[in-house]
Amino acid sequence: MGAIRLEWDGKSAEVPRLRLPLQTVETVNSPRADRGTLFESSGDDGGDGWRNRLIWGDNLHVLASLADELAGQVDLVYIDPPFDSRQDYKVRIAVGDGGAAADQDLAKLSSVIEEKAYRDTWGKGVDSYLQMLYQRLVLIRELLSDRGSLFLHLAPNVSHLARVLLDEIFGADNFRAEIIWQRVTAHSDTKDFGTIHDSILCFSKSEKHIWHAQFRPYDESYIKSHYGLVDEKGRRYQLGDLSSPNPRPNLTYTWLGHEPPAYGWRYSMETMQRLHDEERIWYPASKEARPRLKRYLTDMPGLPLGDVWDDLYPVNSQAQERLGYDTQKPEALLERIIKSSSDEGSIVLDCFAGSGTTPAVAEKLKRRWVAVDIGRFAVHTTRKRLLDIPGCAPFTVANLGRYERQVWQQATTGDAVRAYLDFVVQLYGAVPVEGFSHVHGTVGSRAVHVGAVDAPVSMEEITDAVDDARAAGYVAVDVLGWEFDMGLHELVQDTARDRGVDLRLRRIPREVMDPRVVASGEAVFHELAYVKVDTAVRGRGVEVRLVDFVLPNPELVPASVRDKITGWADYVDYWAVDFTFGADGDTDTFRNQWQSYRTRANRQLDLSAHHEYDEPGLHTVLVKVVDIFGNDTTTAVPVDVPVGARR
């Protein structure tokens with residue numbers, strides 16, 4: 001019988017394999033659950049050079065980029081992709097330190113590409129959805145070790161199609177289970193059978209997969225029917241046979257006056273003595289009857305777990321682990337999966353990380369992990385969640401950055417730089433212009449400059465654009481960039497003001513790399529936020545204080561919440577400090593040496609950070625602030641520790 005394959009319009013067996021270098025943009029060393037404490041830079045990597053990784057980017061490109069390093073090494077993949085369920089998924093976040101503002105649930109205004117992905121808008125419906133899954137499943141299988149397994153979490157409306165897809169990619173012989181997770185007991189809608197479960201399809205790479213049996217607690221009816229006896233200490237037990245099922249002449253002996261059974265005892269004399277000493281033998285009143293073995297309820301692991309899970313509940317509004325994601329999965333679900341199909345030290349991967357449940361549970365269970373998500377807010381939420389785990393191992397935050405943009409530019413506009421500039425100018429709603437060195441378009445009375453795809457916009461570049469525009473008679477300039485040099489905001493604004501120019505710095509959204517967003521005209525170029533910090537040097541110590549944060553687009557916050565904001569700090573969700581930025585010559589990576597952030601349980605934010613330098617000299621302090629929407633802004637300040645200063 002030939003293999004069964006699933007077909008759909010536009011099916012292509014070709015899988016993009018752009019192996020782009022991952023750029024480390026942040027390192028977190030020796031994190032602690034003590035919020036606002038200094039990280040000791042231990043360089044701990046477990047001795048094998050491994051660092052857990054949190055990656056922001058399109059998982060299709062990220063999976064291909066991980067192949068050189070991780071092909072055949074991942075023991076477990078759990079993914080919970082959008083279900084194509086047409087639901088409008090939302091993320092809710094709180095604002096401020098507490099009180100009325102914090103009590104407001106604020107629907108996150110995510111980036112357009114994240115919103116589209118998370119709302120399941122896959123272009124041509126189920127055909128595009130299946131193609132999306134197919135490409136990623138092929139790459140996932142290549143990353144799995146021979147002992148590896150995949151758990152694919154889906155809704156019932158697509159699980160039947162995904163099962164055939166997995167049969168095709170993994171082979172029907174490697175199907176292990178379709179787990180039915182009963183999320184809720186019932187729905188009030190009686191128009192049809194209520195959908196109260198999700199499906200989790202489990203396939204292995206080979207028959208050699210890791211497997212550790214899992215158990216669930218006995219229910220009350222089972223306990224009462226099977227463990228109805230209670231000893232004087234209140235321990236429930238049942239009685240088992242001490243007779244050997246087969247003839248055992250060497251175990252035929254008299255035990256405390258009780259004659260042996262016909263085939264002898266089940267255990268040796270030494271074992272019987274141990275069981276006796278442990279009060280695990282029940283003795284009848286008559287020597288004519290036989291003793292029996294006490295099996296205590298507390299000694300039993302529980303009922304072996306089947307493929308229907310109705311004992312794990314979704315994350316409700318009062319759950320301590322709740323982070324505000326409608327689709328957030330409970331940690332108990334991931335704990336069961338990870339324990340069953342991986343070992344300590346195994347690599348666990350989730351390329352639809354969402355709120356970060358998989359890496360958080362993997363971290364707690366001493367697994368290594370890689371987590372990927374296309375949403376910046378998801379990456380930020382996951383980072384905070386990991387930082388709140390006591391003893392969390394070091395991890396890095398990475399993306400594909402300029403390499404991904406270079407590929408996009410080549411595919412979209414080719415080698416012609418002018419075509420790229422015009423494309424971005426038009427997406428911005430401006431009109432392309434020629435004849436200038438640094439002015440590429442105009443919108444109303446403002447000149448527009450577009451930064452390159454492969455380098456951050458620099459102070460020099462902005463100054464040239466301002467001078468070029470001023471010479472042409474413009475008194476207002478918008479500079480558009482994918483990235484900006486860290487910490488230039490305040491300095492460049494002073495320069496523009498000195499020249500009489502109104503300057504706006506706007507970020508080119510990653511969404512413009514998605515043709516669907518380009519076609520919809522929904523890409524938003526957000527203005528960079530403004531951060532101000534003060535520093536005070538005492539001896540070799542420096543105190544860094546966050547004193548102002550200006551969100552340039554407060555109109556994005558619903559009025560009901562905006563009216564309750566008590567101050568600028570309410571817009572700050574997280575801030576971190578690198579006290580020695582660039583000391584090793586690397587000015588691309590932020591080394592997180594201190595941080596303070598808000599959690600659902602603790603809304604307070606520390607606004608000052610302290611650090612002691614080992615040596616005097618000039619240092620650069622880089623401060624990163626992440627706002628309530630997950631967008632980050634940096635500012636750099638010099639700190640001069642005088643020679644002779646003491647601790």
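For the reader, a short list of remarks on this structure follows.
Yes or no, residue by residue, for (1) open to solvent by 40 Å² or more (accessible area, probe 1.4 Å); (2) of a type in the set (G, A, S):
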| site | (1), (2) |
| --- | --- |
| L256 | yes, no |
| M269 | yes, no |
| S286 | yes, yes |
| M300 | yes, no |
| L312 | no, no |
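- Strands (runs of 3 or more DSSP E) within region 135-239 that include 3 or more residues over 17 Å from P81 (Cβ atoms): 144-154, 175-182
- Among the candidates R383, R368, R336, residue that is out of contact with any Pro (no Cβ under 8 Å at 6 or more places or on another chain), over 23 Å from L70 (Cβ atoms), open to solvent by 10 Å² or more (accessible area, probe 1.4 Å) and in contact (Cβ under 8 Å) with a residue 60 or more places away in the chain: R336
- G391 meets the stated requirement of being open to solvent by 40 Å² or more (accessible area, probe 1.4 Å), closer than 30 Å to D350 by Cβ and either part of a strand (DSSP E or B) or out of contact with any Lys or Arg (no Cβ under 7 Å at 6 or more places or on another chain) (or both).
- In region 401-517, counting only helices (runs of 4 or more DSSP H) that sit wholly within it, the ones holding 2 or more residues that are over 30 Å from G57 (Cα atoms) span 459-471, 489-498.
- Of the residues making up region 356-387, those that are modelled with pLDDT of 90 or more and assigned to a loop (DSSP other than H, G, I, E, B) are G356, L365, K366, R367.
- L387 being hydrophobic (A, V, I, L, M, F, W, C) and within 30 Å of K224 (Cα to Cα): no
- For V550: the one exception among (1) crowded, with 18+ Cβ neighbours inside 10 Å; (2) modelled with pLDDT under 95; (3) among the aliphatic types (A, V, I, L, M); (4) under 30 Å from G567 (Cβ atoms): (1)
- The set of residues in region 597-612 that are open to solvent by less than 10 Å² (accessible area, probe 1.4 Å) and at pLDDT 95 or above contains only A609.
- Number of residues in region 343-354 that are more than 17 Å from R53 (Cβ to Cβ) and open to solvent by less than 10 Å² (accessible area, probe 1.4 Å): the value is 0.
- Among the candidates L293, L312, residue that is in a strand (DSSP E or B) and either under 32 Å from the mean Cα position of the chain (by Cα) or under 24 Å from E232 (Cβ atoms) (or both): L293
- Failed criterion for V572 (all others in (1) over 26 Å from W408 (Cβ atoms); (2) of a type in the set (A, V, I, L, M); (3) at pLDDT below 80 hold): (3)
- When each of R35, R92 is tested for being at pLDDT below 70, surrounded by 14 or more Cβ atoms within 10 Å (Cβ to Cβ) and part of a strand (DSSP E or B), the lone residue that passes is R92.
- Taken over region 258-267, the residue count meeting the criterion of being open to solvent by 90 Å² or more (accessible area, probe 1.4 Å) and of a type outside the set (A, V, I, L, M) is 2.
- From the list S199, S206, the one residue that fits, being of a type in the set (S, T, N, Q), surrounded by 15 or more Cβ atoms within 10 Å (Cβ to Cβ), in contact (Cβ under 8 Å) with a residue 40 or more places away in the chain and farther than 26 Å from A332 by Cβ, is S206.
- Those residues of region 271-284 which are open to solvent by 40 Å² or more (accessible area, probe 1.4 Å) and within 54 Å of the chain's Cα centre (by Cα), in sequence order: Q273, R274, H276, D277, E278, E279, R280, W282
- Hey, E288 part of a loop (DSSP other than H, G, I, E, B) and within 48 Å of the chain's Cα centre (by Cα) or not: no
- Looking across region 327-350 at every residue that is within 22 Å of I180 (Cα to Cα) and part of a loop (DSSP other than H, G, I, E, B), the one that is farthest from the chain's Cα centre (by Cα) is identified as S342.
- Yes/no for A71 being at pLDDT below 50 and either in contact with a Leu (Cβ under 9 Å, 6 or more places away or on another chain) or surrounded by 17 or more Cβ atoms within 10 Å (Cβ to Cβ) (or both): no
Quick grid of which residues meet (1) surrounded by 15 or more Cβ atoms within 10 Å (Cβ to Cβ); (2) more than 35 Å from the chain's Cα centre (by Cα); (3) under 18 Å from D498 (Cβ atoms):
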{"residue": "T442", "(1), (2), (3)": "yes, yes, no"}
{"residue": "A447", "(1), (2), (3)": "yes, yes, yes"}
{"residue": "V466", "(1), (2), (3)": "yes, yes, yes"}
{"residue": "D478", "(1), (2), (3)": "yes, no, no"}
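- Of the listed requirements (1) at pLDDT below 85; (2) hydrophobic (A, V, I, L, M, F, W, C); (3) touching a helix residue (DSSP H, G or I) at 6+ places or on another chain (Cβ under 8 Å); (4) buried (at least 21 other Cβ atoms within 10 Å of the Cβ), A496 misses just one: (1).
- Number of the exception - G585 against (1) surrounded by 15 or more Cβ atoms within 10 Å (Cβ to Cβ); (2) in a loop (DSSP other than H, G, I, E, B): (1)
- For region 199-245, taking the residues that are basic (K, R) and over 30 Å from S346 (Cα atoms), the one that is farthest from the chain's Cα centre (by Cα) is identified as K233.
- Which numbered condition V542 fails, given (1) closer than 25 Å to D640 by Cβ; (2) open to solvent by 60 Å² or more (accessible area, probe 1.4 Å): (2)
- Here R446 meets the list (1) modelled with pLDDT of 95 or more; (2) touching a Gly at 6+ places or on another chain (Cβ under 8 Å) almost entirely, failing just condition (2).
The values are calculated or read from the model by the stated rules, or taken from the named source; none is laboratory data. Computed from a predicted model, the values in this text were never measured in an experiment. Note: ideal-geometry Cβ built from the backbone for every residue, glycine included; neighbour counts use all protein chains shown. Each accessible area value is taken on the protein alone, full model and side chains, heavy atoms only, with ligands, DNA and RNA left out. Shrake-Rupley method; radii C 1.70, N 1.55, O 1.52, S 1.80 Å.
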